[in-house]
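The values are calculated or read from the model by the stated rules, or taken from the named source; none is laboratory data. This is a predicted model, so every value here is computed, not measured. Reconstructed Cβ throughout: ideal geometry from the backbone, glycine too, with neighbour counts over all protein chains shown. Ligands, DNA and RNA are stripped out before the accessible areas are found, and what is left, the full protein with its side chains, is counted by its heavy atoms. Shrake-Rupley method; radii C 1.70, N 1.55, O 1.52, S 1.80 Å.
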Amino acid sequence: MLKKITLSAAIALAALSAGAAVAADEYNVSSGLTAASAPLALHGVDVVSFIGTGNRIEGSAKFTAVHDGVAYYFSSQKNLDTFSAAPAKFLPQNGGFCTFGVSVGKKFDGDPRWADVRDGKLYVFLSEDIFKAYQKDPAGTIAKAESNWKRIRTTDATKL
């Protein structure tokens, strides 16, 4: 019994310390931790493949990079190495939160099923309906999101 309590306490402490490495709500991540002791970004989709080809290719825990306290999965060692050489080039915009949501001052889940790559940057959206709304004025939505992101970047999503 004591062994179970000690193990539970160690897991809880690891989760808290890993969470502390991530700035307050700057990244849209899955709940829980990866084997790399960091929360998972972009639902595990390989951002290098996505930006390079526009295809959503699932990454693998075998090829994991942790950047700024967030884990990213890749489909190959080559993509992992590409990301590691220049992570800022591949990070989803707005911390991986829904770009349309950020454009109206909110932080909603960014689902890679609904995404757009523009000028080499990845923008993700909450749902098909939200993605369709974005498509009516992509440039305007992106501009509003960029402006709002500066203000809300470190604000907890529940406080928006």
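Numbers at a glance
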read-out	value
Residues satisfying the stated conditions in the range 54-106, i.e. in contact with an Asp or Glu (Cβ under 7 Å, 6 or more places away or on another chain) and either buried (at least 21 other Cβ atoms within 10 Å of the Cβ) or closer than 26 Å to residue 152 by Cα (or both)	59, 73, 74, 79, 95, 98
Any hit, the range 31-48, residues being at pLDDT below 95, open to solvent by less than 30 Å² (accessible area, probe 1.4 Å) and of a type in the set (Val, Ile, Thr)	yes
Qualifying positions in the range 114-154 - part of a strand (DSSP E or B) and either open to solvent by less than 80 Å² (accessible area, probe 1.4 Å) or at pLDDT below 95 (or both)	114, 115, 116, 117, 122, 123, 124, 125
